[in-house]
Structures are given as structure tokens and as C-alpha cells.
Amino acid sequence: MIASRLAGFGTTIFTEMSALAERTGAINLGQGFPDEDGPAAVLEAAQAAMRDGRNQYAPLPGVPALRAAIAEHQQRFYGIELDPASQVQVTMGATEAIAAAILGLCEPGDDVLAFDPYYDSYPAATAMAGARFVPIPLDPPDFTFDDIVVGPKARVILINSPHNPTGRVFSREELQRIADVVIEHDLIAITDEVYEHLVFDGLEHIPLSTLPGMAERTLSISSLGKTFSVTGWKVGWATGPAELVAAVRAAKQFLTFAGATPFQHAGAAALRLDDDWYRAFALELQAKRDHLCDAFSHFTVARPQGTYFANVDVGRDATEFARELPYEAGVVAIPTSVFSATPERLAPYLRFAFCKRLPVIDEAARRLQSLES
Ligand SMILES: *Cc1c(COP(=O)(O)O)cnc(C)c1O
């Protein structure tokens, strides 16, 4: 019954693995969502907004307080100047922003380029627009990329840094290589920056739009979910040149029109937390990364530079391994190859999420310590 455009995108391995976690009582490090709530002040701001009668439709562009806070955030962290009226669009999470951007910018038959492995909504959103998904391989063990091949129908390149699932944070040199391609082929860059604040080891997240010549060609996307541990709120945004933001708005208007009003008000409070809060949260996550990564004495770990995820080379087919792991060690993880158009390239990698409470990570680490191939 499903339209052919979407027929290839059936249910994901997450359904199978979460059921397996349920059945075996294993610790679920498969899906990337935190097991504790975001900052109390942010939760309180959502409740206050509801009590204060902010319960009807938000305006199409998003509530003004949130758009102002997004513009301030871009200025505070990156020195980017935005007009909150024409250069900021609030969306139902980054996921809607990505879909609306592709729907609003691509003609049927256009190419959408994206680094592979990729977030699973990218090819699906591309298919909904009738466009063609063109993967650019990130090669293990370092997950770096070769020359980017650009065909005549190329329209958009999607860049996700910090990158899910590999944990890569693209360097300035890598971003410059991408920028050169975008400028040479007159592409539009769409950046997925949902992990912008989850960067480790003193590394820096560099928005692609801050590179020379890129502000006018880049639509930047982010959301509250990962930064503030409120993945269930689905408050995201797209920012950039007014023409690109207008394309997102045109599609978003008829997808959802507006998102949840009280959560948008709370988003304004969240984004205005002080620098120390952002720093402390990244450090806390970095400690969890280390507790988990240090557990794998018999395997090679691609220690992530950012995000919620670590990839482990298990030395054999990771899909089989993932199905045995809940029984062998009482832990659930996801084979990294499910995020790829060329799964054989990533066959031995298993992705573990470490965005869980430290005692949970430590218990998982204890269970994984003695594991062998
Ligand atoms: C979690 C995630 C998203 C989804 O963000 P929402 O704001 O929840 O829609 C988008 N991109 C990547 C890479 C993610 O990991």
C-alpha cells in the first residue's frame, strides 16, 4: 500500500533492538536519547508558559521570543548576525527543518549529496521531494572523505558535524574543502548542527556558514533536543539567508504550520543559559564517553570527537554480533551499517550511545569489559 517513493524505508532496526532489550533486560545503548531530564529551569519555563496561557497556535515563523533567542545564540557563540523576522524559522525539531528545506529547495530529479553513514531521515526526505540521494563515503577507521564527486543535477549538500553516527567533528580544513565544492558547483549547503554543543577534548564546532563566501549559500539547522536533553519536545530551527529560510517556511507552512507553543517559549529560556552551563554539559558527556570507550579492551574504538555515539570495530559482522550482545553481555547497540547505502563498508562497526546516567554507563562498561570477538 505504501507509495513507491517511500516503500524502501520500512521499519528500522531500532524496533527490533529495542524489543530485544525489553525481552532480555539488557541496557539499551541503541537509541540516542538521554535517560534524564534537561535543566530544571528549562522544564519550569515550559510549565510557566502553559500556566500563562501560551497554549494556542504559534505564528508560522515561530514565537518571537524564541526567534530572538536563536539570533542571540548565533551571535554569542559564532558571531553570526541574523534578522529574527526573515532569517530564522522555527520548526518541529531539526527533522522537520531538514525535510522542509529539501522539499522547499529541490526540484524532482535534483541530486542531494550527503556524507555516508547518515541520519536516517536524509534519504527519506530526499525521496519525498522526488530528488535523488547521492552518498559521499566517510571511510573508516578515521571517517574522513575523499574528493567529492558532483554531478550536473546536484543542488544540495547536507553536512552533519558533529556527525551522527561516527562522532566526527569536521576540521576547518575539511569544511574548507566542502565550501570549495559548494562554491565551485553553485550548490546550497544544508547543515545539521544538532550536536553543535556536544564537542569534546577542547575541539571547536565551526559552523560552515562562517567560512568565506558561505553565509549566502548555507542554511543552518539545529534544535533543542540534544543540547538540552529534551528530545521529546521537537523544537528546531533553520537560519540563514532570507531566500533559503523562505523556502523552508513555504514547505513548513503546509507540513505542520506551527509547533508546540509552550516548548518554544521554554526554548528561549534554554538558549539563554550561561556559557558555563554549556561547557559543563559537554564535559559531563565527555566523561561518559571515556567511561564507555575505556571498557573495550579487546576491540578498537573510534573515540568520538563529539555527539552521543562511539563506534567500535568488533572484528566481524556487527549485525550478528549486535543480535548476540544482549545475551552475551546484557547490552544493546546498533550496527553502524544500518546508516549506510553501502553497508558492507561498515560491516564490523557497532554504535553505542553514551547519553545515559553515569551509573548506567558504568554498569554497561562493566558488562562489556571482558567481551571478545
Ligand atoms: C537526533 C538527530 C536529529 C533530530 O533532531 P530533532 O530535533 O529531534 O528532530 C537530526 N539530525 C541528527 C544527526 C540527529 O542525530
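The values are calculated or read from the model by the stated rules, or taken from the named source; none is laboratory data. No experiment lies behind these values; they were computed from the predicted model shown. As a convention, Cβ positions derive from the backbone with ideal geometry for all residues, glycine included, and neighbour counts pool all protein chains shown. Accessible surface is based on the protein model in full, side chains and every heavy atom, while ligands, DNA and RNA are left aside. Shrake-Rupley method; radii C 1.70, N 1.55, O 1.52, S 1.80 Å.
Numerical summary
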quantity	calculated
Selection status of LEU66, more than 30 Å from VAL150 (Cα to Cα) and of a type in the set (A, V, I, L, M, F, W, C)	yes
Elements of type strands (runs of 3 or more DSSP E) contained in the range 117-227, each with 2 or more residues being surrounded by fewer than 23 Cβ atoms within 10 Å (Cβ to Cβ), touching a residue at least 60 places away in the same chain (Cβ under 8 Å) and touching a helix residue (DSSP H, G or I) at 6+ places or on another chain (Cβ under 8 Å)	132-139
Lone qualifier among ALA266, ALA287 - being buried (at least 18 other Cβ atoms within 10 Å of the Cβ) and of a type outside the set (Phe, Trp, Tyr)	ALA266
Selected residue (only one of ILE159, ILE178, ILE206 is within 14 Å of the ligand (Cβ to nearest atom) and under 19 Å from the mean Cα position of the chain (by Cα))	ILE159
Residue in the range 94-115 that is within 19 Å of the chain's Cα centre (by Cα), over 22 Å from ALA251 (Cα atoms), within 14 Å of the ligand (Cβ to nearest atom) and crowded, with 22+ Cβ neighbours inside 10 Å present	yes
Residues located in the range 47-66, provided they are in contact with a Ser or Thr (Cβ under 9 Å, 6 or more places away or on another chain) and either charged (D, E, K, R) or outside any helix (DSSP H, G or I) (or both)	ARG54, ASN55, GLN56, TYR57, ALA58, PRO61, GLY62, VAL63
Single unsatisfied condition, TRP237 versus (1) within 13 Å of the ligand (Cβ to nearest atom); (2) open to solvent by 10 Å² or more (accessible area, probe 1.4 Å); (3) of a type outside the set (D, E, K, R); (4) not in a loop (DSSP other than H, G, I, E, B)	(2)
Search result, residues across the range 330-349 that are buried (at least 19 other Cβ atoms within 10 Å of the Cβ) and either closer than 13 Å to ALA295 by Cβ or not aliphatic (A, V, I, L, M) (or both)	VAL331, ALA333, PRO335, THR336, SER337, PHE339, SER340, PRO348, TYR349
Residues satisfying the stated conditions in the range 21-46, i.e. in a helix (DSSP H, G or I) and either out of contact with any strand residue (DSSP E or B) (no Cβ under 6 Å at 6 or more places or on another chain) or among the acidic types (Asp, Glu) (or both)	GLU22, ARG23, THR24, ALA40, ALA41, VAL42, LEU43, GLU44, ALA45, ALA46
Members of the range 248-263 that are touching a helix residue (DSSP H, G or I) at 6+ places or on another chain (Cβ under 8 Å), open to solvent by 10 Å² or more (accessible area, probe 1.4 Å) and among the aliphatic types (A, V, I, L, M)	ALA250, ALA251, LEU255
